[in-house]
Amino acid sequence: METLTLNVPPTVGLTDEQFYQLCMANKEWQLELTADGELIIMPPTGGESGIRNADLTTDLNLWNRQTKLGKVFDSSTEFRLPNGAKRSPDASWVKLERWEALPPKDRKRFPPLCPDFVVELRSETDALNELRAKMREYRENGAKLGWLIDPQTPLVEIYRPSVDVETINFSVNQPPTLSGEDVLPGFILDLTPILNP
C-alpha cells in the first residue's frame, strides 16, 4: 500500500488535541500533518525497512547510552514542529537540556519541538522528493543535523543549518560512514548493516 494524502481544509482544521485523538483512534497507521493541512497516512513498513530502522535506532541509542547527552526516539514518535506540522522521523535525537525543559504533559504526548538530529530512511513506498521536502522542513524548524539515507539510489544527503545539502553517492558494496559531527560528538554510523539487511 502506498502513502495517502488527504487535504484538511483550513475551515475544518485540526487542533493539536484533535490530531492526537485521531492518531490514538487509528494506531495501526502512522499519521503526519503538514503545515499546509495535508493529512498523510503512511502504511506500516516492510521487513527490510523495519530491519534498517531498527539497526539505525539501535546504533544511535547505544551511542547515547554511553554519552547520556540526550534522548533517542524511534519512528513512532510524533513531534509538533514550530511551523505547526506534526512529523515522525525514522530516528531522531533531542539534546537532554531541551527535553528536560519540557513539561511532563508535553513529554507524554507529541513533544512540541523539532529534534536536534533527524534521519529519514527511504523505503520502497517513499517518494524521494517528499522526503527531501521533510528534511528541508526539519532544518527550517531547528534541526542541527539531518541525514536522508536512500538505499535504493544509493545516496546520503546531509542537511545542516544555513548551508547547501551535501550529497554522497556511493556503492552498496562500499558504503560510507557518517559522522554525528558536533551535534552527536563521537557518533559514527557504519551504513553497511543498514544497506545490507
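Screening the range 141-167 for residues that are surrounded by 15 or more Cβ atoms within 10 Å (Cβ to Cβ) and over 14 Å from the mean Cα position of the chain (by Cα) and picking the one that is farthest from Gly84 (Cα to Cα) gives Pro154. With the structure loaded, tell me whether Leu62 is surrounded by fewer than 14 Cβ atoms within 10 Å (Cβ to Cβ) and either touching a residue at least 60 places away in the same chain (Cβ under 8 Å) or farther than 23 Å from Leu131 by Cα (or both) or whether it fails that test. For Leu62, the condition - surrounded by fewer than 14 Cβ atoms within 10 Å (Cβ to Cβ) and either touching a residue at least 60 places away in the same chain (Cβ under 8 Å) or farther than 23 Å from Leu131 by Cα (or both) - is met.
Check the range 69-90 and report whether any residue there is more than 22 Å from Cys23 (Cα to Cα), surrounded by fewer than 22 Cβ atoms within 10 Å (Cβ to Cβ) and not polar (S, T, N, Q). So far as the range 69-90 goes, yes, one or more of its residues are more than 22 Å from Cys23 (Cα to Cα), surrounded by fewer than 22 Cβ atoms within 10 Å (Cβ to Cβ) and not polar (S, T, N, Q). If you check Ala143, Ala133, Ala101 for being of a type outside the set (D, E, K, R) and in contact with a Cys (Cβ under 9 Å, 6 or more places away or on another chain), only one passes: Ala143. Comparison of Val156, Val118 shows that the only residue that is under 17 Å from Phe73 (Cβ atoms) and either of a type in the set (Gly, Ala, Ser) or in contact with a strand residue (DSSP E or B) (Cβ under 9 Å, 6 or more places away or on another chain) (or both) is Val118.
Taken together, Val94, Val72 contain a single residue that is in contact with a Leu (Cβ under 6 Å, 6 or more places away or on another chain), modelled with pLDDT of 95 or more and not charged (D, E, K, R), which is Val72.
The values are calculated or read from the model by the stated rules, or taken from the named source; none is laboratory data. Model, not experiment: these values are computed from the prediction. Neighbour counts run over all protein chains shown; Cβ positions are idealised from the backbone, glycine included.
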